[in-house]
Amino acid sequence: MMNKIESKEIRTMCPMNCHPTLCGMVAKVADGKLIDIAGDKDNPDSKGFLCVRGLAAKEIIGNHQRLLNPLIRENREKDDWRRADWNEALDLIAVRMREAGPEAVGFWPGHGNGANDYGVGVKWQLIERFANLFGAQRWNPAMICWGLGGFGIGITGALETSTKEDMGRNSELIVLWAANLTSQPNTAPHIKLAKQRGAKVITIDVRRTEATAQSDEVYLIKPGTDAALALALINVIISEKLHDADYIEQYTVGFDKLGLHAKKYTPEWAAALTGLKVDRIIGLARQYATTKPAMLVIGGSSLHKGSNSWTAARAISCLPAVTGNFGKLGGGIGPRHGSTSHGRGMGNITAINRRKPGTYIPNQMGDVVRALNDGKIQVLMLPGCNILSSFPDTDTLMKGLEKVGLIISTDLFMSETIHRVADVVLPSTSWLEEIGCKATNTHLYLMDKVLDPPG
């Protein structure tokens, strides 16, 4: 009679980077193999929810297409790879880095690099630490996602965001500005709780989404006109004296300049750009200014990919300050990509204070691609980054990559970038094959190693 193989269930986190939504996962393991995955009902953020992407992550484990060993090729025009050991691959990279010199070495990690530590960024900090101590170029993957929006919000002064739990308990008005519930499913139950208390929900977007279906009012605007709408709202709030003068006096700077700047951005001007009627713009401004507390949930990515994206983030983030909503229960700016909440403090190991003086390429896609085309980068590390699927001007990017002497890619599977431009491939571990640590706006999760990596 064969002995029955016992299985065990291990709590972990989904490897997808859907911050601020990060979902708990239960991995069922037997005899060192993954049997199944499911949502973790005891996770305080997701409460058992796990979307189709998370459930599909099971297909990574045991997949016959996984990269198992370092690979090297001599000719990029041929998909002719030979197996190498780790010492050969790492020695090659180190030698070429020294030959090129620090400023000709670049690190461009992708979101795949953060599958096991999103919200904490241990891997990214280690990459940045190496780049700082060596004197290399390093760029943040957020520049192709929410980075510009985060930059706009941050320099305007909104350095912290409110939580979804605060929203559910305290908000009287919730404005979902380009924020869809499919990208923040763990926020949805708290919006429902707020609605049950009588809170109103408004969605501003360029199309009808799952969020608009749950909203009391919907404002559909033309793409790229978010800044125009926000400035018109500020115009109405100030001109009708609906702003919070005491709050502004105590906690803000630059209000007089903002008022002068917004004076020319009338509802009539914004109506012609956004496609909204004048009375609807005025009504939205009045409702937002007079319903307290009001929380804005700003979209993490889609809002910030137009030509005026970071200025839209700046204008929108002025609204809670003008109305006195920052720092209030149920007010301010709600959960969004890459943000932290009040009270959170974590260590930093990047050694930024030890970064060597040098000529560094800014964290902007255009600047990076120009540097590649100018031949300024001769060694390029791409940890978890399928760069050719991330940049819209692929032809210009490809021409630049062709001028790089050595390109190293780390990944779970062969990608378009690997096939077309990489010289060295290093296999990555999956989220279950290493220790991880993820953070939402309210919780920190330690993820144990569940499986041994293959290869």
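The values are calculated or read from the model by the stated rules, or taken from the named source; none is laboratory data. Worth saying up front: this structure is predicted, and the values here are computed from it rather than measured. Positions of Cβ are backbone-derived with ideal geometry, glycine not excepted, and every protein chain shown enters the neighbour counts.
Values as computed for the structure displayed
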quantity	calculated
Gly101 vs. criteria closer than 21 Å to Thr350 by Cα, in the same structural domain as Pro320 (by TED's automatic domain parsing) and small (Gly, Ala, Ser)	no
Qualifying residue in the range 260-269 (condition: buried (at least 23 other Cβ atoms within 10 Å of the Cβ) and modelled with pLDDT of 95 or more)	yes
Number of positions in the range 404-416 that are farther than 18 Å from Gly114 by Cα and crowded, with 22+ Cβ neighbours inside 10 Å	1
Among the candidates Gln196, Gln250, residue that is part of a helix (DSSP H, G or I), within 17 Å of Leu173 (Cβ to Cβ) and polar (S, T, N, Q)	Gln196
Filter result for Gly330 (assigned to a loop (DSSP other than H, G, I, E, B) and modelled with pLDDT of 95 or more)	yes
Exclusive hit being in the same structural domain as Leu412 (by TED's automatic domain parsing), assigned to a helix (DSSP H, G or I) and out of contact with any strand residue (DSSP E or B) (no Cβ under 9 Å at 6 or more places or on another chain), set Asp79, Asp91	Asp91
Residue, farthest from the chain's Cα centre (by Cα), within the range 60-115, restricted to residues that are closer than 30 Å to Cys145 by Cα and basic (Lys, Arg)	Arg76
Answer from Ala84, Ala131, Ala100 - the residue that is buried (at least 20 other Cβ atoms within 10 Å of the Cβ), in contact with a strand residue (DSSP E or B) (Cβ under 8 Å, 6 or more places away or on another chain) and of a type outside the set (Phe, Trp, Tyr)	Ala131
Lone qualifier among Ile361, Ile349 - being closer than 22 Å to Thr440 by Cβ and among the hydrophobic types (A, V, I, L, M, F, W, C)	Ile349
Residue match in the range 275-287 (condition: surrounded by fewer than 22 Cβ atoms within 10 Å (Cβ to Cβ), modelled with pLDDT of 95 or more and in a loop (DSSP other than H, G, I, E, B))	yes
Matching residues, the range 175-193, being surrounded by fewer than 22 Cβ atoms within 10 Å (Cβ to Cβ) and part of a helix (DSSP H, G or I)	Ala188, Pro189, His190, Lys192, Leu193
In the range 384-410, residue farthest from the chain's Cα centre (by Cα) [restricted to those that are part of a loop (DSSP other than H, G, I, E, B) and either within 19 Å of Lys305 (Cα to Cα) or at pLDDT below 95 (or both)]	Asp393
Filter result for Asn116 (more than 21 Å from Met295 (Cα to Cα), part of a helix (DSSP H, G or I) and not assigned by TED's automatic domain parsing to the domain that holds Leu329)	no
